[in-house]
1. Which numbered condition trips up B:Gly249, out of (1) crowded, with 17+ Cβ neighbours inside 10 Å; (2) touching a helix residue (DSSP H, G or I) at 6+ places or on another chain (Cβ under 8 Å)?
2. When you go through A:Ala216, A:Ala220, A:Ala173, A:Ala247 one by one, which is the residue that is within 14 Å of chain B (Cβ to nearest Cβ), without any contact (Cβ under 8 Å) to a residue 60 or more places away in the chain and over 23 Å from B:Ser276 (Cα atoms)?
3. Looking at segment B:261-269, is at least one residue under 17 Å from the mean Cα position of the chain (by Cα) and of a type in the set (Gly, Ala, Ser)?
4. Any idea which of B:Ala247, B:Ala252 is outside any helix (DSSP H, G or I), in contact with a Lys or Arg (Cβ under 7 Å, 6 or more places away or on another chain) and not basic (Lys, Arg)?
5. Pick out the one residue from A:Gly170, A:Gly225 that is outside the structural domain of A:Gly327 (by TED's automatic domain parsing) and surrounded by 24 or more Cβ atoms within 10 Å (Cβ to Cβ).
6. Determine if segment B:231-238 includes at least one residue that is surrounded by fewer than 23 Cβ atoms within 10 Å (Cβ to Cβ), more than 7 Å from every other protein chain (Cβ to nearest Cβ) and in a strand (DSSP E or B).
7. Can you tell me which of B:Ser59, B:Ser12, B:Ser49 is under 20 Å from the mean Cα position of the chain (by Cα), modelled with pLDDT of 95 or more and not aliphatic (A, V, I, L, M)?
There are 2 protein chains.
Amino acid sequence: MSLVNHQILLASRPAAEPTPENFKLVEAPVPTAEELAEGQVLVRNHFLSLDPYMRGRMSDSKSYAEPQPLDAVMIGGTVGEVVASKHPRFDVGDAVVCMGGWQEYSLIDASQRGAITKVDTRQIPLSAYLGAVGMPGVTGWYGLVKIIEPKAGETVVVSAASGAVGSVVGQLAKARGCRVVGIAGGPDKCRYVTEELGFDACLDHKALTDLRSFSAALKAAAPNGIDGCFENVGGLGLDAVMLRMNAFGRIAFCGMIAGYSGQPIPMANPSLILVSRLKLQGFIVSEHPEVWPEAMQELGGMVATGRMKFRESVAEGIASAPEAFLGLLKGKNFGKQLVKLV
Amino acid sequence: MSLVNHQILLASRPAAEPTPENFKLVEAPVPTAEELAEGQVLVRNHFLSLDPYMRGRMSDSKSYAEPQPLDAVMIGGTVGEVVASKHPRFDVGDAVVCMGGWQEYSLIDASQRGAITKVDTRQIPLSAYLGAVGMPGVTGWYGLVKIIEPKAGETVVVSAASGAVGSVVGQLAKARGCRVVGIAGGPDKCRYVTEELGFDACLDHKALTDLRSFSAALKAAAPNGIDGCFENVGGLGLDAVMLRMNAFGRIAFCGMIAGYSGQPIPMANPSLILVSRLKLQGFIVSEHPEVWPEAMQELGGMVATGRMKFRESVAEGIASAPEAFLGLLKGKNFGKQLVKLV
């Protein structure tokens, strides 16, 4: 009797905020080892990564990537173990990271460059390859190191500071001698950001609901002004940061999650780009594969030696993925959002 | 009997739009040659330059420069001739460019680095040193060459295209093999931009009063999308340009004249910075003196050989400066706005 693969498909596109009805849980047979074609590898996924970028793929409006097709398995990064292989570089039992999608088993064409990568779990837990030493970690590394280019003594602000990307950015900036101010949602996250991750300060954006109070809180937390900002959220926080930016400040645009569902949120005062001679730059980490070796060396080293801390929110079972994803869009997760599949 | 120096002072700061009452015409004695201190040079100004940056100096809100003091001569660039000198490098009769201010005669401390510069008027008219081969020209050169960094075949959009800065940007971009689309106010300016300056197309922003029509016009004029934008205006045109920017596009923020008097004009959709991986960068040319020699070589060569065209709006007499300046803020000038003082 063949094994069953539980999968989540995109059933419909959201009009505004996504709902559970946009997703559909289905069953499909798992191929047997004999059914694999040459070059294929069958992976049993242990963890699925949930990430804000998936919200963009659910819509078919203009974005940097093709929309997720309807009635197909939702895309997503996974880590797991090889359970069958017809590729010479992969053996049963290998720990791997791949774009396995929202499902329990994934058939991967290992001959495609970058489609699947073996990982070393002796000093780094498997799930971390979806977080601090995976795409979110390299995202943080790229935006900080290549766009913000912080110097020791400068002040860097990081929004969504307790999240998978933000927590990496802040710890990398601290390692470079910066003053680091986080922005996170709620006192628990803020306490974690300062006490566990070692940021110098953290603002609770839930308590800062207008531009004046947000700007005043930033002024107190960043008395010398802001030189760099890693932006994951947009909206009011971005407007407040721009008011406090020093001349020649740099803002790396990684995410604008505040406006992902609904109307775009305007930038209140773009003339500050001129007044403060700012550089604002958007980026997508997958377009910069050349930085992976350097970024992974620093991130892997810090995680293996305990100098890079991270936290995970783990949902249990593939059926929980839609709800966990909708929670992520609302900031309900605390740290890297994963779905445990085994 | 001593000569009279007519001067324009800043009498009061504007609440919103500046008015003629913000300025005051006064008379002051012109020092005699004997009254000069060591190192001083007396210049009889032939032309005063009027520029949008002066609007910012009239206010005392946060900006990149100190506000213009009240009851002092308005700052401004001038060209003229030396009429008395106690500095060994300057002789009576020399043609010079300096920050002479809104007045007929200026006493300059020539020992201050960069305060006054001799210019060569054999192939280049004196007034051009306030335009295409002066601060506006180098401004255009810096934003295009150092921030937009255009490649042949790319499309560059220039707002305020018939102005002192915009006309230089477009001609430099054409010389680099770009498709160049201007934005200007009114059919006369647009015709000049395409027929005289050689831009490939020019949009009349007065006929494009909503985002949809502006974006559609840009789509028609820039069928391959926009790779670079030199922004002098901001507002609706900037929003429309951002919608049509290609991936990895660059926007140089030189001016935001649309919002100079009144509330800041928001940017409608900053998430496009991320979606299209844009770079937006503000700059002030005076902070980059290192580029002057290279920029002046290209600009001077093009003007001297007729490959760089420019146009001037000339007001007559110092008393006409306030009205000419207020007209400049409303786009009433056509090309570089000057005041002729002799």
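The values are calculated or read from the model by the stated rules, or taken from the named source; none is laboratory data. The structure displayed is predicted, hence computed values, not measured ones. In this analysis, Cβ positions are derived from the backbone assuming ideal geometry, glycine residues included, and neighbour counts consider all displayed protein chains.
1. (2)
2. Result: A:Ala247 is the single residue among A:Ala216, A:Ala220, A:Ala173, A:Ala247 that is within 14 Å of chain B (Cβ to nearest Cβ), without any contact (Cβ under 8 Å) to a residue 60 or more places away in the chain and over 23 Å from B:Ser276 (Cα atoms).
3. The answer is no; no qualifying residue exists.
4. That would be B:Ala247, the only listed residue that is outside any helix (DSSP H, G or I), in contact with a Lys or Arg (Cβ under 7 Å, 6 or more places away or on another chain) and not basic (Lys, Arg).
5. Just a single option satisfies the conditions, and that option is A:Gly170.
6. No, the conditions are met nowhere in segment B:231-238.
7. B:Ser49
Residues are listed down the side, and each one gets a yes or a no for (1) among the aromatic types (Phe, Trp, Tyr); (2) modelled with pLDDT of 95 or more; (3) touching a Leu at 6+ places or on another chain (Cβ under 7 Å):
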residue: B:Gly137; (1), (2), (3): no, yes, yes
residue: B:Tyr142; (1), (2), (3): yes, yes, no
residue: B:Ile148; (1), (2), (3): no, yes, no
residue: B:Lys151; (1), (2), (3): no, yes, no
residue: B:Val156; (1), (2), (3): no, yes, no
residue: B:Ser159; (1), (2), (3): no, yes, no
residue: B:Val165; (1), (2), (3): no, yes, no
residue: B:Val169; (1), (2), (3): no, yes, yes
residue: B:Leu172; (1), (2), (3): no, yes, yes
